Amino acid sequence: MTKPNPQPEQAPSFTIWQLFSYGLLTAPIAMAGFALVMFIPTFYAADLGLGFAAVGAIFVAGRLFDVVTDPIIGHLSDETRSRFGPRKPWMLVGVPGFAIAVYMLLSPPDGAGLGYLMAASALYFLFYTVLDVPYSSIGLEVSPHIHERSVLASSKASFQVIGALTAAALPFALALPVAAALSLTAKVIIITSVLALLLFFAVVPIRNREVTVAKTGFFSSFKMIWASKPYRHLILCFLIVQAANALTAGLMVLFITHVVVAADLIGLFMGLMLLSTALFLPLWFILSKRLSKRFAWQTSILTCCVGLAGALLLGPGDVVGAVILSMVVGASFGCDAVMPTSLLADIVYTGERDGKNRLGGLFLALKNSVSKLAFVVPMGLAFPVLDLVGFDEAGQNTPSQLMTLTLLYALLPIAIRLVAFALVRRLPLATDGAGHESTAQVKLA
């Protein structure tokens, strides 16, 4: 059983300008990620004629490559020791590499084939990790204040929404063809990422903790992390919630198209979902500060369950209900992003005592890998079931086929989330100096 630390936490130290400068780099990263998911596969498969099967295989391989490189880069950044700290050298290399890869992927030359796509996507996945893992790891280490860690995570989540909305809106706002829209998006990403990096280096205060012990190998670091019971429990909760989210997000287009019969409003629903993610972040922060981070996350899980239960009542033309559902799901997605990250920051910060090994990068990278693996659930579970019942993506479906889709989109995620709710209740807690519940003082092992 863990014991609370009786010492009071330090006061918040980040100004609004510093929070802005910290989170801004997330926007171009999110723009690239959104374009990769929503536009690039179809562009290469259909517009450039490379075929859906081949393009899909390349991007699946890229994701698997990502799962391997994330922990490696996380560990290497942990073990980096320089006068600028462990993370900045990686970010300094990551931004130009990321910019080149984004330009190659989003602005292919005439005649680009599968070989070009393989090279461009490999560079993209590699430098995305080189930039994002060290950058995001700073948020786990930089603040000694329990609740400020939630603010830092919320700053990144807000800019993630801004980046995704920007990438989604550019092609439609300017009425550009796909190739021109992707090329413009690449230029915006490159300019924004360079400016954001300069602002980050100039404004954000970095806590460079001195490490006095000898460097450790990857497997030794992994064993130290896996010895942390609070971390294992947190990762299990996160994996289960992400699996539920993957089902809902992955089947949203099919649900809106075939159950609500509003395919022309899919963009609106997605936009509202993203906007709701940002708008409800202050609510989750208030709940976490007044009660606990665990309580905020549990509330979000149950709220999403109630919203998804309403999906069982929706039918053709129920646009208002679908709007409400999109906003409820979006609000819960925001909490699912912020609270696990903030809880992880609590574990990382208090686990790294002066002179001990720096482990934040590997902690975060393993969490990222879990998230990426969780999002294969729709392809690995839902799509085969839909094929089994004869669901027709492009045509008419029977009531039983539509009910199968609804159950996979709403009922199964509800069941999965309720399991997560029960597990989150068991996250180990301690108290800060003010007597509030938090995982901040939970020991590593």
Quiz prompt | Whether the chain is rounded, prolate or oblate, judged on the alpha carbon gyration tensor where a/c under 1.5 counts as rounded | solution = oblate
Practice problem: Mind checking which of 391, 184, 338 is farthest towards the positive end of the chain's charge dipole, using Cβ charges of +1 (Lys, Arg) and -1 (Asp, Glu) about the Cα centre? | Solution: 338
Practice problem: Taking the dipole about the Cα centre of the chain, with the C-beta of Lys and Arg at +1 and of Asp and Glu at -1, give me whichever of 65, 170, 36 is farthest to the positive side. | Solution: 65
Self-check item: Relative contact order, percent, the chain [alpha-carbon distance under 8 Å, six or more residues apart]
Solution: 28 percent
Quiz prompt | Distance violations [Cα-Cα > 22 Å] among 156/372; 293/367; 156/223; 187/372; 88/293; 229/293 | solution = 156/223; 187/372; 88/293
Self-check item: Ellipticity estimate at 222 nm from DSSP helix runs (n ≥ 4, -39,500 (n - 2.57)) divided over the chain, nearest 500
Solution: -23000 deg cm²/dmol
Quiz prompt | Gain upon complete extension [residue 324, residue 261; 0.36 nm per residue less C-alpha separation] | solution = 21.1 nm
Quiz item: How much net charge surrounds residue 128 when only the other residues with a Cβ under 12 Å from the Cβ of residue 128 are counted, with Lys and Arg +1 and Asp and Glu -1?
Solution: -1
Self-check item: Label point distance in nm, residue 268-residue 15, each placed 7 Å from Cα along Cα→Cβ
Solution: 4.3 nm
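What percent do you get for the relative contact order of the stretch 262-366 when only Cα pairs under 8 Å and 6+ apart count?
Worked out over the stretch 262-366, it gives 34 percent.
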Exercise. Report the one residue of 277, 311, 258 whose Cα lies farthest in the direction of the positive end of the charge dipole of the stretch 255-362 (charges on C-beta: Lys and Arg +1, Asp and Glu -1; origin at the Cα centre).
Key: 277
Quiz item: How much net charge surrounds residue 244 when only other residues with a Cβ under 14 Å from its Cβ are counted (Lys, Arg +1; Asp, Glu -1)?
Solution: 0
Quiz item: Once a ≥ b ≥ c are taken as the square roots of the eigenvalues of the Cα gyration tensor of the stretch 115-185, is the result rounded (a/c under 1.5), prolate (a/b larger than b/c) or oblate (a/b not larger than b/c)?
Solution: oblate
Quiz item: How much accessible area per residue does the chain have, in Å², with a 1.4 Å probe?
Solution: 42 Å²
Quiz item: Could you give the dipole magnitude of the chain about its Cα centre, charging the beta-carbon of Lys and Arg +1 and that of Asp and Glu -1, in debye to the nearest 20?
Solution: 1620 debye
Quiz prompt | Spin-label model distance (nm) - residue 279 vs residue 92, 7 Å beyond Cα toward Cβ | solution = 4.3 nm
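Output the DSSP H helices from the chain with an along-axis C-alpha extent of no less than 27 Å and a mean Kyte-Doolittle hydropathy no less than -0.5.
52-79, 114-141, 148-173, 178-203, 229-250, 293-311, 319-351
The values are calculated or read from the model by the stated rules, or taken from the named source; none is laboratory data. Not measured: the values here are computed from a predicted model. Note that each Cβ is placed from the backbone with ideal geometry, even for glycine, and that neighbours are counted across all protein chains shown. Calculation scope for accessible area: heavy atoms of the full protein, side chains included, ligands and nucleic acids excluded. Shrake-Rupley method; radii C 1.70, N 1.55, O 1.52, S 1.80 Å.
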